[in-house]
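To keep things clear, I will list the structure first and then write my remarks on it.
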Amino acid sequence: MTVQITYENWRQISETFDHGDDTKGASSIIDWAYSTYSEDEIVYASSFGAEAIVLIDLISQIKPDARIVFLDTGLHFPETYEVIDQIEARFPLLRIERKQPALSLDEQAAQYGPDLWLRDPNQCCHIRKVIPLQETLAQKKAWISGLRREQSPTRANTEFINKDDKFMNVKICPLIHWTWEDVWAYIKERDLPYNKLHDHHYPSIGCRPCTQPAGTDGDSREGRWMGSSKTECGLHTR
Ligand code: SF4
């Protein structure tokens with residue numbers, strides 16, 4: 001019998017999942033997620049980075065027509081749009097929505113001035129990412145995310161199931177125990193398409209103006225908002 005998670009008992013349930021299997025617990029938690037929540041109650045918010053490719057493949061083995069949302073800020077690299085097209089061709093049953101912000105880039109520039117990301121990246125992320133995800137999650141009880149504990153110090157305490165105070169629901173993170181090497185071994189073994197910027201020292205890929213190549217060790221997200229104190233777009237912080 002499936003145990004229904006509530007906003008309060010997330011940690012207790014999270015700790016019942018074993019991560020000693022081939023997918024480090026990811027397949028079990030995905031299976032649990034799609035048997036606990038109906039297709040209208042859960043969505044995977046995907047960045048289409050390397051972790052996303054793994055998650056999409058694992059999810060489609062359990063829920064081939066899963067709903068996926070991509071926060072299309074209008075500022076992504078061409079390589080990111082390319083990999084989305086490739087994923088759509090490889091997994092034709094998936095329902096991928098490209099969610100756009102209410103403000104176009106021109107409207108944002110008219111209201112807040114040009115290149116808002118240079119002057120106030122938090123405001124820019126709020127308009128182009130946080131509000132669109134808020135709208136998507138308004139009718140949902142849970143969402144899936146590709147966070148890994150190893151990714152950065154800000155993600156080191158992520159659980160399989162997390163109480164999400166920001167969006168007032170439950171955030172499910174199947175890949176918390178995966179290493180960067182695990183991710184790439186899986187992509188190669190399954191011959192999956194991936195964002196070609198990963199071959200050019202971009203471990204973490206966000207919007208074009210805010211993503212630089214990063215070093216090969218340490219924080220894989222160091223290329224994001226380089227030179228500023230910002231480390232997260234606001235989707236995973238309160
Ligand atoms: Fe704006 Fe940069 Fe955030 Fe993208 S990552 S929404 S360009 S501040």
Fill in the blank from the handout: Scanning the range 87-98 for residues that are within 18 Å of the chain's Cα centre (by Cα) and surrounded by fewer than 17 Cβ atoms within 10 Å (Cβ to Cβ) gives Glu88, Arg95, Glu97, Arg98
Problem - Scan of the range 77-109 for residues that are of a type in the set (Phe, Trp, Tyr) and either assigned to a helix (DSSP H, G or I) or within 9 Å of the ligand (Cβ to nearest atom) (or both), ordered by number - result: Tyr81
Exercise for the section: Return the total of residues in the range 57-71 being surrounded by fewer than 22 Cβ atoms within 10 Å (Cβ to Cβ) and either part of a helix (DSSP H, G or I) or touching a residue at least 40 places away in the same chain (Cβ under 8 Å) (or both). Expected result: 6
Handout entry: Test: residue in the range 230-238 that is surrounded by fewer than 19 Cβ atoms within 10 Å (Cβ to Cβ), modelled with pLDDT under 85 and away from the ligand (no atom under 16 Å from the Cβ)
Key = yes
Problem - Qualifying residues in the range 128-174 (those that are aromatic (Phe, Trp, Tyr) and crowded, with 19+ Cβ neighbours inside 10 Å) - the one nearest to His19 (Cα to Cα) - result: Phe160
Problem - Breaking point among (1) assigned to a loop (DSSP other than H, G, I, E, B); (2) under 30 Å from Asn122 (Cβ atoms), for Asp18 - result: (2)
Exercise for the section: Output yes when any residue across the range 22-30 is outside any helix (DSSP H, G or I) and within 19 Å of Ile131 (Cα to Cα), and no when none is. Expected result: no
Handout entry: helices (runs of 4 or more DSSP H) lying entirely in the range 110-215 (those with 1 or more residues that are within 16 Å of the ligand (Cβ to nearest atom) and either modelled with pLDDT of 95 or more or under 14 Å from the mean Cα position of the chain (by Cα) (or both))
Key = 116-119, 121-125, 131-137
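Each row is one residue, and each column tells you yes or no for (1) within 23 Å of Gln139 (Cβ to Cβ); (2) within 16 Å of the chain's Cα centre (by Cα).
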{"site": "Gly20", "(1), (2)": "no, no"}
{"site": "Ser27", "(1), (2)": "no, no"}
{"site": "Trp32", "(1), (2)": "yes, no"}
{"site": "Asp40", "(1), (2)": "yes, no"}
{"site": "Asp57", "(1), (2)": "no, yes"}
{"site": "Gln61", "(1), (2)": "no, no"}
{"site": "Asp65", "(1), (2)": "yes, no"}
{"site": "Pro78", "(1), (2)": "no, no"}
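One line per residue, one yes/no per condition, for (1) under 27 Å from His198 (Cα atoms); (2) touching a Gly at 6+ places or on another chain (Cβ under 8 Å):
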position	(1), (2)
Ser28	no, no
Ala33	no, no
Thr36	no, no
Ser46	yes, yes
Phe77	yes, no
Tyr81	yes, no
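The values are calculated or read from the model by the stated rules, or taken from the named source; none is laboratory data. Quick caveat, the model's predicted, so the values are computed rather than measured. Cβ: placed from backbone, ideal geometry, glycine included. Neighbour counts: every protein chain shown.
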